[in-house]
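Engineer: Before I ask anything, here is the structure I am working with.
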Amino acid sequence: MLKLLYFASLRERMGRTEEDLAIPAGIATVADLTKHLQARDAAGAAAFGESSLVRAAVNQEFAPASTRIRDGDEIAFFPPVTGG
Amino acid sequence: MATVRVQSAPFDTGAELANLLAGRTDIGGIGAFVGVVRGSSGEDALVSMTLEHYPAMTARALTRIAAEAETRWDLLGCTVIHRFGRLVPGDPIVLVLAASTHREPALAAASFLIDWLKTRAPFWKQEERQDGSVSWVEACASDDEAAARWESGT
């Protein structure tokens, strides 16, 4: 099972702050998961449609799209950060 | 070892400076940056800025940024405090302090800390305006460029 978290504009577009997801068949990387979520429903399409504006963290570390995912990972999706 | 805090409450810059200096006389200078919510005027004047963050990750990310500064410069103290929640124009958002024997490393490290923090700490700003609109602040290329200048040459 994966724990997915959404922040800021992605949280609003997904309509939720988090969810648990069993790793779907054929999903090996963050990029695969992004495509899966985009194709899943209208909220996913809205949140992940502009993939250039989506960033990810795996287990609280910023992670490129090529990062491999494992059962038990906490994967967060969010837009580019704007702190400071 | 840096002091890192993520909090909704205001911070006391004077108290944080005193903490760095307490019980020692080897510090020759402290570089400081205080980020403040900048107001604006007109129909779309800024009413508030709300900062969201990723609680499980934020302190770790800030600690890593501070550790990177301590690797690059010979620091005698380092403080990073970042607020979250709803702030209004004039409110301080972030404090970075870097203490060293001389001004060059202190100022350079403070500049580095805020530049890296802007692109590597999981915070997002949402603006509420006088006309009722609410929008997320978009990341700007100049922040990426400011952070990138520390990537090479050091």
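The values are calculated or read from the model by the stated rules, or taken from the named source; none is laboratory data. Computed from a predicted model, the values in this text were never measured in an experiment. Reconstructed Cβ throughout: ideal geometry from the backbone, glycine too, with neighbour counts over all protein chains shown.
Engineer: How many residues, within the range B:140-154, are within 14 Å of chain A (Cβ to nearest Cβ) and either β-branched (V, I, T) or in contact with a Gly (Cβ under 9 Å, 6 or more places away or on another chain) (or both)?
Structural biologist: 1
Engineer: Could you list, in sequence order, the residues of the range B:1-30 that are β-branched (V, I, T), assigned to a loop (DSSP other than H, G, I, E, B) and under 13 Å from B:A98 (Cβ atoms)?
Structural biologist: The answer is B:I27, and nothing else.
Engineer: Just wondering, is there one or more residues in the range B:123-136 that are surrounded by 14 or more Cβ atoms within 10 Å (Cβ to Cβ) and farther than 23 Å from A:P80 by Cα?
Structural biologist: No, every residue in the range B:123-136 fails to be surrounded by 14 or more Cβ atoms within 10 Å (Cβ to Cβ) and farther than 23 Å from A:P80 by Cα.
Engineer: Here's another thing I want to ask about it. In the range A:2-31, how many residues are more than 14 Å from chain B (Cβ to nearest Cβ), surrounded by fewer than 19 Cβ atoms within 10 Å (Cβ to Cβ), modelled with pLDDT of 95 or more and out of contact with any helix residue (DSSP H, G or I) (no Cβ under 9 Å at 6 or more places or on another chain)?
Structural biologist: Final tally of qualifying residues: 5.
Engineer: Scan (1) surrounded by fewer than 20 Cβ atoms within 10 Å (Cβ to Cβ); (2) at pLDDT below 95 for the single condition A:G84 breaks and write down its number.
Structural biologist: If we test A:G84 against (1) surrounded by fewer than 20 Cβ atoms within 10 Å (Cβ to Cβ); (2) at pLDDT below 95, just (1) comes out false.
For (1) at pLDDT 95 or above; (2) loosely packed, with under 15 Cβ neighbours inside 10 Å; (3) closer than 21 Å to A:F78 by Cα, each residue gets a yes or a no:
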| site | (1), (2), (3) |
| --- | --- |
| B:A9 | yes, yes, no |
| B:D26 | yes, yes, no |
| B:G29 | yes, no, no |
| B:G42 | no, yes, no |
| B:I65 | yes, no, yes |
| B:D74 | yes, yes, no |
| B:P105 | yes, no, no |
| B:A108 | yes, no, no |
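Engineer: I'm checking my understanding of the structure. Among residues of the range A:62-84 that are within 11 Å of chain B (Cβ to nearest Cβ) and within 10 Å of the chain's Cα centre (by Cα), which one is farthest from A:L10 (Cα to Cα)?
Structural biologist: If we take residues in the range A:62-84 being within 11 Å of chain B (Cβ to nearest Cβ) and within 10 Å of the chain's Cα centre (by Cα), then A:E74 is farthest from A:L10 (Cα to Cα).
Engineer: Could you name every one of the strands (runs of 3 or more DSSP E) located completely within chain A that has at least 2 residues being of a type in the set (G, A, S)?
Structural biologist: Of the strands (runs of 3 or more DSSP E) lying wholly inside chain A, those with at least 2 residues that are of a type in the set (G, A, S) span A:55-58.
Engineer: Oh, and also: Scanning the range A:34-61 for residues that are surrounded by fewer than 17 Cβ atoms within 10 Å (Cβ to Cβ) and within 12 Å of chain B (Cβ to nearest Cβ), which turns out farthest from B:M57 (Cα to Cα)?
Structural biologist: A:E50
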